[in-house]
Amino acid sequence: MKTTCPYCGVGCGVCVTPQDNHRAQVTGDPQHPANAGRLCVKGTALGETLTPQGRLLTAQVNGQPVTLDAALDAAAEGLREVMDRYGPQAVAFYGSGQLLTEDYYVANKLMKGYIGAANIDTNSRLCMASAVMGYKRAFGADAVPCCYEDLEQADLVVLVGSNAAWAHPVIWQRLAQAKQQRPEMRMVVIDPRRTASCDLADLHLPLRPGSDTLLFSGLLRWLATQGGIDQTMLPHLSGVEETLAAAEPWEVAHVAAQCDLTLQQVTAFFTLFSGTDRVLTLWCMGINQSVTGSDNNQAILNAHLLSGKIGRTGCGPFSLTGQPNAMGGREVGGLANQLAAHMGFDPADCDRLQRFWRSPTIARQPGLTAVDLFQAIARGEVKAVWIMGTNPAVSMPEGNRVAQALAACPLVIVSDIMAHTDTSAFADILLPAQGWGEKNGTVTNSERRISRQRAFAAAPGDARPDWWLLAQVARRLGFDGFDWQHPAAIFREHAALSGFENGGRRAFDISALAQLSDAGWDALRPVQWPVNAEHPEGCARLFRDRRFYHPDGKARLWVPATPAVMSREAAYPLLMNTGRVRDQWHTMTRTGLVPRLMQHCDEPFVALHPADAARYGLTAGALARVQSVAGWISARVTIDRGLRCGELFVPMHWNRQFSQQSHVDMLVAARGCPFSQQPALKQTPVRIMPLPVSWQGWLWQPAVTSPAGLRYWARSPYAGVQRYVVAGEGAPEAWLAAHNDLTGCQLQVAGGSGSDYRVLAWRDGVLQRAFYAGARLPDVDHDLVAAAFQAAPPDAFRRHRLLAGQAAQGQAAGRIICSCMAVGEQAILQAVAQGCRTTQALGERLKCGTQCGSCIPELKQLLLSESVTEES
Ligand SMILES: Nc1nc2c(c(=O)[nH]1)N[C@H]1C(S)=C(S)[C@@H](COP(=O)(O)OP(=O)(O)OC[C@H]3O[C@@H](n4cnc5c(=O)[nH]c(N)nc54)[C@H](O)[C@@H]3O)O[C@H]1N2
Ligand SMILES: Nc1nc2c(c(=O)[nH]1)N[C@H]1C(S)=C(S)[C@@H](COP(=O)(O)OP(=O)(O)OC[C@H]3O[C@@H](n4cnc5c(=O)[nH]c(N)nc54)[C@H](O)[C@@H]3O)O[C@H]1N2
Ligand code: SF4
Ligand SMILES: [Mo]
């Protein structure tokens, strides 16, 4: 069965062979144009996420399981009551770029055409809103001009604000291969951090956070003064004079000073950009999640437009989408400031959409965007919210306020696949959704390619597709127009709308797919929009004819704002950056179930430069508290020389299901770009200090719980058991006795002085708990302990070994570096000591780095740390 990976916006095709026991074998689809058979480690591990563990199986109302019918009735009644009493503006939907296009279309139709408000926004506000604004301002349409084949065709690739090696690994694999085949290809990485993506970089610009528009304004001036303007492009552009005039002050030295770069670095980048014909710029959240997010996008677009590096092979400004269907959401109008099929709120568009839908009403004003939406809930203006496919209690800035808003909201409906998330904890009505492998629909990736997600497994319990849940509620509200029997029918309607009275004015047009039969939809091969009379087979690159979507047909250059240097209060002298780690997906609801994905980073961490660590009394492995004006979190310290001094990095993933208080969005303010309303999630002023604890330890148990009475804990699943790393005050024996129910257990105890305390709790010869504590985190053989929970009762000698936490022989694997082949740091270091000198030699010996390749930057780091330089 062929389907599409549900994680990132690369949109890889996968082949699935279902196996027994909720497992499936997943391989890359060699025929899918996005990946041609490649996969990253998250994609490879998809089969392991199909577990029924933790799934939401039945609907709930006020915490009680009910039939699906009863829950849908309750949802419709609740919404009706709010609409009748307070009007449509008191209702809101908050959706996700992980919904399928068909789901998204229905949600948007219900909200804007029937409930009659535009209060439907999504997590794409946190993700793509600035890119959408950039493209719309420059091209007159939210249209990504490029395609993945440009990755291989470019002579210079500029990666800005993107850690593609970890966040878009198959794009990175394609780049790595292209660079190997054509060593003359150049790559520039623009990121305040030295990331894994710098591994391929010929030039890394570790610029001051938030200074990207200055760099690109400087580039614009350079192009103008050094012969980099494409004269044939000028008739197709407006706004050139004022934009160039505004760029006038940005000569190289000034740019270098403001961006905190050297003159050489800036000049080298400008020279490469203007001197190379085929330049592809790829960007992601370092650009979008900023107070100048839309202008960051604009500044990049300005440079590509003026130099004519657009609409041609191997060229162009290519925004990478984050989620698997962020682009599909943009097509159906999944944001509060747009209508379906790339329409806006001018009266003609509103009228056109209402006629097409034959709907009783139509929203005529933009609705509330994500941050405003949760603030309106907090103020009591929005009284009912339906959250689907996203976990805002973790991922929204000002997380504490979001949680308070949800707690106070009279009606919170949540549809999710998991029973327990930080958001579902606030649900009055919980609806069980079908997940990947169970649901059926389409998604659109970064290069506008529409692919099918196909069902291959039966859905558990009462789980239903999101579109079906929405349509059922719509029908209960008495609305016509929601009686599809199959998602293909929704797709046809969506495709027909895209062509409805389009006349070439709207970029999104898939009208050639409006007549697809159910079977045709089911068999749909990946295709890039537009798919219409002009491009019946789809279209790889836009703007080849240099005609844009503004009424005058021209593209617009705009003057980007000059970002203010962020003032740092003495109380919060450090700047916190946030983002992704290689093997986790967002709030970990799926990847957090897979032990091997947990092993790359098994704890919330805060990375900082060695000089800052020394300054604040922190060492590698210590526990720290990071504090902003909004709150504090705790995390384990990692030292990272690739960070700039004064800047920290904290992953976005950890939340209350996996840790005590390490969810980073508790610290982040809700400020954002005034044009896109996208929050600035990458720059928060903070301070850091050691977290005082008197002991640390490991607690192993079969069940998932939230341990009480600790200063810190973080959980990771480990081969069928739950492993908690814990830390507390007082004595570990007192904590164990007070907060763990060990009645009826036979205890085997060692130590007890407070500095070294070990306990095994057995019941009928079966291990119930294993606890190892000390003044420092004890060194235990994790595989040994995990195995003891699965195995038959051990003999006395083995029990003794287990209590010591150490196997008689053998060595712990250490941190897992290669998740695909489960190769740990220790084995790698040993192989290096025994003479392996290259990543290739390591691969031959240990198989590490031979599957998806995303650990190769880390293998290189290990070779470097052992003072081995790759002999190539
Ligand atoms: N493994 C994994 N992959 C994912 C996801 C995941 O959760 N896990 N999520 C997917 C989603 S939804 C998204 S949106 C993408 C995100 O993909 P990316 O945007 O590539 O990932 P991030 O780690 O959020 O941030 C990218 C980089 O921006 C840099 N940055 C911070 N501030 C600035 C700045 O001022 N200027 C510049 N130039 N750079 C800056 C950060 O240091 C970071 O390295 O990843 C997708 N892929
Ligand atoms: N500090 C900081 N915060 C960030 C970011 C950052 O870089 N830094 N990045 C932001 C970005 S770019 C993004 S995209 C967001 C992501 O943040 P979220 O969207 O909140 O994170 P997810 O974990 O992907 O949430 C998806 C939810 O949907 C559920 N789910 C999975 N499949 C289905 C389905 O088929 N149907 C339904 N109904 N539910 C399903 C999952 O169990 C999970 O609860 O985070 C944002 N927040
Ligand atoms: S690169 Fe993205 S789409 Fe491809 S397998 Fe990995 S997570 Fe899935
Ligand atoms: Mo995202």
Does Ala336 qualify as being among the aliphatic types (A, V, I, L, M) and under 23 Å from Trp484 (Cα atoms)?
no
Take region 179-190 and flag every residue that is part of a loop (DSSP other than H, G, I, E, B) and farther than 19 Å from Ser274 by Cα.
Arg182, Pro183
Picking from Gly538, Gly579, Gly553, Gly520, the residue that is small (Gly, Ala, Ser), closer than 30 Å to Ala257 by Cβ and either in contact with a Gly (Cβ under 7 Å, 6 or more places away or on another chain) or modelled with pLDDT of 95 or more (or both) would be Gly579
Which of (1) surrounded by fewer than 21 Cβ atoms within 10 Å (Cβ to Cβ); (2) at pLDDT 90 or above; (3) small (Gly, Ala, Ser) is the odd one out, the single condition Ala770 does not satisfy?
(1)
Just one of the numbered conditions (1) more than 22 Å from Asp466 (Cβ to Cβ); (2) more than 16 Å from ligand 1 (Cβ to nearest atom); (3) of a type in the set (Asp, Glu) is not true of Asp103; which one?
(1)
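Quick check, is Leu802 modelled with pLDDT under 90 and either in a helix (DSSP H, G or I) or crowded, with 21+ Cβ neighbours inside 10 Å (or both)?
When the stated conditions are applied, Leu802 passes them.
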May I ask you to verify whether Ala92 is more than 25 Å from Ala326 (Cα to Cα), crowded, with 24+ Cβ neighbours inside 10 Å, of a type outside the set (Asp, Glu) and away from ligand 3 (no atom under 16 Å from the Cβ)?
no
Flagged in region 332-357 as touching a residue at least 40 places away in the same chain (Cβ under 8 Å), in a helix (DSSP H, G or I) and out of contact with any Lys or Arg (no Cβ under 9 Å at 6 or more places or on another chain), in numbering order, are Arg352, Gln354, Phe356
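Only one of these is within 16 Å of ligand 2 (Cβ to nearest atom), buried (at least 17 other Cβ atoms within 10 Å of the Cβ) and not in a helix (DSSP H, G or I): Leu282, Leu261. Name it.
Residue meeting the stated conditions: Leu282.
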Checking Ala117 against (1) more than 11 Å from ligand 1 (Cβ to nearest atom); (2) touching a residue at least 12 places away in the same chain (Cβ under 8 Å); (3) surrounded by fewer than 22 Cβ atoms within 10 Å (Cβ to Cβ); (4) more than 23 Å from Phe543 (Cα to Cα), which test does it fail?
(3)
Please enumerate the residues belonging to region 15-44 that are within 16 Å of ligand 1 (Cβ to nearest atom) and farther than 30 Å from Ala427 by Cα.
Ala34, Asn35, Arg38, Leu39, Cys40, Val41, Gly43, Thr44
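Any residue at all in region 542-550 that's without any contact (Cβ under 8 Å) to a residue 60 or more places away in the chain and touching a Phe, Trp or Tyr at 6+ places or on another chain (Cβ under 9 Å)?
no
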Within region 163-178, does at least one residue satisfy the condition of being within 16 Å of ligand 3 (Cβ to nearest atom) and not in a helix (DSSP H, G or I)?
yes
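Let's see how each residue does on (1) within 20 Å of Arg671 (Cβ to Cβ); (2) away from ligand 1 (no atom under 16 Å from the Cβ):
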{"position": "Arg568", "(1), (2)": "yes, no"}
{"position": "Glu603", "(1), (2)": "no, yes"}
{"position": "His609", "(1), (2)": "no, no"}
{"position": "Val629", "(1), (2)": "yes, yes"}
Tell me whether region 631-654 contains one or more residues that are at pLDDT 95 or above, within 14 Å of ligand 2 (Cβ to nearest atom), aromatic (Phe, Trp, Tyr) and surrounded by 20 or more Cβ atoms within 10 Å (Cβ to Cβ).
yes
For region 88-106, pairs from a residue that is under 17 Å from Pro366 (Cβ atoms) and in the same structural domain as Leu373 (by the TED database) to a residue that is assigned to a strand (DSSP E or B) and within 15 Å of ligand 4 (Cβ to nearest atom), with Cβ under 6 Å and 6 or more apart or across chains, are Gly95/Thr122
Determine if region 194-214 includes at least one residue that is more than 30 Å from the chain's Cα centre (by Cα) and farther than 25 Å from Val41 by Cα.
no
If I ask for residues that are surrounded by fewer than 21 Cβ atoms within 10 Å (Cβ to Cβ) and either charged (D, E, K, R) or within 16 Å of ligand 4 (Cβ to nearest atom) (or both), which ones from region 320-348 would you list?
Asp346
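The values are calculated or read from the model by the stated rules, or taken from the named source; none is laboratory data. None of the values given here were measured: they were computed from a predicted structure. Cβ atoms come from the backbone with ideal geometry, glycine included; neighbour counts cover every protein chain shown.
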